[in-house]
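Read the structure below first, then the notes.
The values are calculated or read from the model by the stated rules, or taken from the named source; none is laboratory data. As the structure is a prediction and not an experimental result, all values here were calculated from the model. As a convention, Cβ positions derive from the backbone with ideal geometry for all residues, glycine included, and neighbour counts pool all protein chains shown.
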Amino acid sequence: MFDFIDTMAQTNDQGARARRLFAAVVLAALDDAIADDKKYGNGHEQIARWARSRDGREVLSCAGIEPNERVVKGMMEFVGRGVRTSVALSREESERQASAA
């Protein structure tokens with residue numbers, strides 16, 4: 001009985017780690033698109049092309065993100081803001097946005 005529970009817990013933990021790994025890939029793709037947007041001005045087009053590609057849809061799905069057009073538009077808007085993901089996910093940035101609202 002306990003062996004089954006341990007196996008299920010380990011399997012669930014491995015799945016969560018895999019989702020976090022793919023989520024990190026999505027964040028890296030967003031950072032790359034932001035860098036392209038600042039340098040060449042085409043970052044939102046790059047992220048949309050990636051998210052609509054077969055590889056992009058697969059990575060989004062593995063990260064637990066539904067690869068639909070609403071997600072693509074949200075990613076394009078995020079790239080358009082030009083705020084790097086590490087900054088956007090920080091506590092200081094969320095506090096700054098809360099005080100601005």
Please count how many residues of the stretch 42-100 are of a type in the set (Gly, Ala, Ser) and farther than 15 Å from Asp32 by Cα. 10
Before we move on, is Asp3 modelled with pLDDT under 95, exposed (fewer than 12 other Cβ atoms within 10 Å of the Cβ) and among the acidic types (Asp, Glu)? yes
What are the residue pairs meeting all of these: first residue in the stretch 8-32, first residue more than 13 Å from Ala63 (Cα to Cα), second residue at pLDDT 80 or above and surrounded by fewer than 14 Cβ atoms within 10 Å (Cβ to Cβ), Cβ atoms under 8 Å, and 6 or more apart or on different chains? Asp31/Ser86
Looking only at the stretch 27-56, count how many residues are buried (at least 18 other Cβ atoms within 10 Å of the Cβ), within 20 Å of Val87 (Cβ to Cβ) and of a type in the set (A, V, I, L, M, F, W, C). 5
Output the qualifying pairs, or none if there are none: Cβ atoms under 6 angstrom, residues six or more apart or on different chains, first residue in the stretch 41-64 and at positive phi, second residue surrounded by 13 or more Cβ atoms within 10 Å (Cβ to Cβ). Gly64/Arg19
